[in-house]
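For reference, the structure discussed in these notes is given below.
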Amino acid sequence: YPIPYVCQFVTLQMQTKHLLCYSKTIVLNKDYLGLQFFPESGELVHGLPGKVGFKALDYKGKGKVVEGEIIDGQDKVITTFNSNQLGMGSFIINKVDSTATYFAKVKSQSEEKLSLIYHLPPIAKKGNVLSVFEDEDEIHLTVLSNYLSNDSVYIRISCRGLVYFDIKGRLKEGKLMFSLPASNLPELPLQ
């Protein structure tokens, strides 16, 4: 059969007369780059800032160093990004717009003038975002909502089945911020 131009891999399979099966996958494009996106809180939400983690993988499934730009449908640069040596990193879109389409434009490492384009995940019109970051000895949490304004929210912080905090707070105009001492949480062993 003819191989479609867009194929990155081909898998050959063989079955013997004794019904033993063998297969082999062959890479057709060694410049292949897979780019995965992981929005904080699970999704990008309209009108809210969105932090997005990413991982770039080469044709062997190993992390690959990348750099590029996040652009909208009008080719306007929203922000830039670059990965660490394992192909991982993150970027922030300051105010996500559900009427826009966002793309990652990755600079090709084989051809200087070539860029690879990847769609970012779809944007939720309504939703909430929980953002967590550590600053020295404090853990900062921010809850944002684009449809709840003065409602109460509950946050449970647990590890390995043990509850460390149950927090109830009231959103003010869709926002709640607070901090916790990092010393009150368990230290996780390095993986």
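The values are calculated or read from the model by the stated rules, or taken from the named source; none is laboratory data. Every value quoted in this text rests on a predicted model; they were computed, and no experiment measured them. No Cβ is skipped: glycine too gets one built from the backbone with ideal geometry, and neighbour counts run over all protein chains shown. The accessibility values were calculated without ligands, DNA or RNA, using every heavy atom of the protein model including side chains. Shrake-Rupley method; radii C 1.70, N 1.55, O 1.52, S 1.80 Å.
Would you call Ser131 assigned to a strand (DSSP E or B) and either in contact (Cβ under 8 Å) with a residue 60 or more places away in the chain or exposed (fewer than 11 other Cβ atoms within 10 Å of the Cβ) (or both)?
Values: assigned to a strand (DSSP E or B): yes; either in contact (Cβ under 8 Å) with a residue 60 or more places away in the chain or exposed (fewer than 11 other Cβ atoms within 10 Å of the Cβ) (or both): yes.
Yes.
Any residue at all in the stretch 111-127 that's surrounded by 12 or more Cβ atoms within 10 Å (Cβ to Cβ), at pLDDT below 95 and among the polar types (S, T, N, Q)?
Yes, the stretch 111-127 contains at least one residue that is surrounded by 12 or more Cβ atoms within 10 Å (Cβ to Cβ), at pLDDT below 95 and among the polar types (S, T, N, Q).
Need a quick list: strands (runs of 3 or more DSSP E) entirely within the stretch 138-191 having at least 1 residues that are open to solvent by less than 50 Å² (accessible area, probe 1.4 Å) and under 21 Å from Val96 (Cβ atoms).
138-145, 152-159, 175-181
Wholly within the stretch 1-95, which strands (runs of 3 or more DSSP E) include no fewer than the required count, namely at least 1 residues that are aromatic (Phe, Trp, Tyr) and within 30 Å of Val132 (Cα to Cα)? Let's see the steps before the verdict.
On the way: elements: 9-15, 21-27, 34-39, 50-57, 67-72, 77-82, 88-93.
Ranges flagged: 34-39, 50-57, 77-82, 88-93.
Is there any pair linking a residue in the stretch 7-32 that is without any contact (Cβ under 8 Å) to a residue 12 or more places away in the chain and farther than 30 Å from Gln109 by Cβ to one that is among the polar types (S, T, N, Q) and in a strand (DSSP E or B), with Cβ under 8 Å and at least six apart or on different chains, and which?
These pairs meet every condition: Gln13/Ser23; Met14/Ser23; Cys21/Gln13; Cys21/Gln15; Tyr22/Gln13; Tyr22/Gln15.
Scanning the stretch 83-106 for residues that are within 13 Å of the chain's Cα centre (by Cα) and open to solvent by 70 Å² or more (accessible area, probe 1.4 Å), which turns out farthest from Gly53 (Cα to Cα)?
Among those residues, the one meeting the criterion is Ile92.
Cβ-Cβ distance below 8 Å, separation of 6 or more or different chains: which pairs start in the stretch 156-180 with a residue that is touching a residue at least 40 places away in the same chain (Cβ under 8 Å) and end on one that is of a type outside the set (A, V, I, L, M) and open to solvent by less than 80 Å² (accessible area, probe 1.4 Å)?
Final answer for the pair search is Ser179/Glu138; Ser179/His140; Leu180/Glu138; Leu180/Phe165.
Kindly check whether there is at least one residue in the stretch 157-170 that is within 23 Å of the chain's Cα centre (by Cα) and closer than 28 Å to Ile93 by Cβ.
yes
Just checking, does the stretch 54-66 include any residue being on the phi > 0 side of the Ramachandran plot and not hydrophobic (A, V, I, L, M, F, W, C)? Before you say what the answer is, go through the steps one by one.
First pass over the stretch 54-66, keeping only residues on the phi > 0 side of the Ramachandran plot: 61.
Narrowing further to those that are not hydrophobic (A, V, I, L, M, F, W, C): 61.
Among the residues of the stretch 54-66, at least one is on the phi > 0 side of the Ramachandran plot and not hydrophobic (A, V, I, L, M, F, W, C), which makes the answer yes.
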